[in-house]
Amino acid sequence: MLNREKGWAESTLTEIEFKDDDPDPFPLVLQVAHLDLKSSGTRVDNDLDLFCLALLCDKYDTVTLVRPFIPGWVKAAKEQKQQSHPFDSYSWLLISFIFGLHAVFAEHICHVLFTMRQHSVGLRSRF
């Protein structure tokens, strides 16, 4: 917090805690911000990492900073996910919404709506 006499409360601390945030995506965002692109940590291999990164970028308004890397990260995450099991559409809705991936968003919103429709029709027919 900003104090009129002392300035920022965090300015005297040697370490600042981000209790509400997942710490894993922070180094990636900082590497991109400091153009440390040769580092092995500038990769996102799965949708969980991409989901956490999307939340962090949305919260700290750093989507524009990582935007050039998003297509490669999304491609890698999709390839990784297809090998194991189908997409978690709810996570991908958030990822695509935050990163502005309109085609991915449309694909997953259709899947979610179709799934909800199937469940609601199934529930009605049982009663």
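Data overview
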item: Residues located in segment 48-72, provided they are touching a residue at least 24 places away in the same chain (Cβ under 8 Å) and over 12 Å from Asp21 (Cα atoms); result: Leu48, Asp49, Leu50, Phe51, Thr62, Val63, Leu65, Val66, Arg67, Phe69, Ile70
item: Residues that are in a helix (DSSP H, G or I), under 30 Å from Pro71 (Cα atoms) and either in contact with a helix residue (DSSP H, G or I) (Cβ under 9 Å, 6 or more places away or on another chain) or modelled with pLDDT under 85 (or both), drawn from segment 1-43; result: Pro25, Phe26, Leu28, Val29, Val32, Ala33
item: Whichever residue in segment 79-123 is in a loop (DSSP other than H, G, I, E, B) and over 24 Å from Leu65 (Cβ atoms) and, among such residues, is modelled with the lowest pLDDT; result: His85
item: Pick from segment 44-77, criterion surrounded by 12 or more Cβ atoms within 10 Å (Cβ to Cβ) and out of contact with any helix residue (DSSP H, G or I) (no Cβ under 8 Å at 6 or more places or on another chain), ranking: modelled with the lowest pLDDT; result: Ala76
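The values are calculated or read from the model by the stated rules, or taken from the named source; none is laboratory data. Just so you know, these numbers come straight off a predicted model, no measurement behind them. Because the Cβ atoms are built from the backbone with ideal geometry, glycine has one as well, and the counts that use them run over all protein chains shown.
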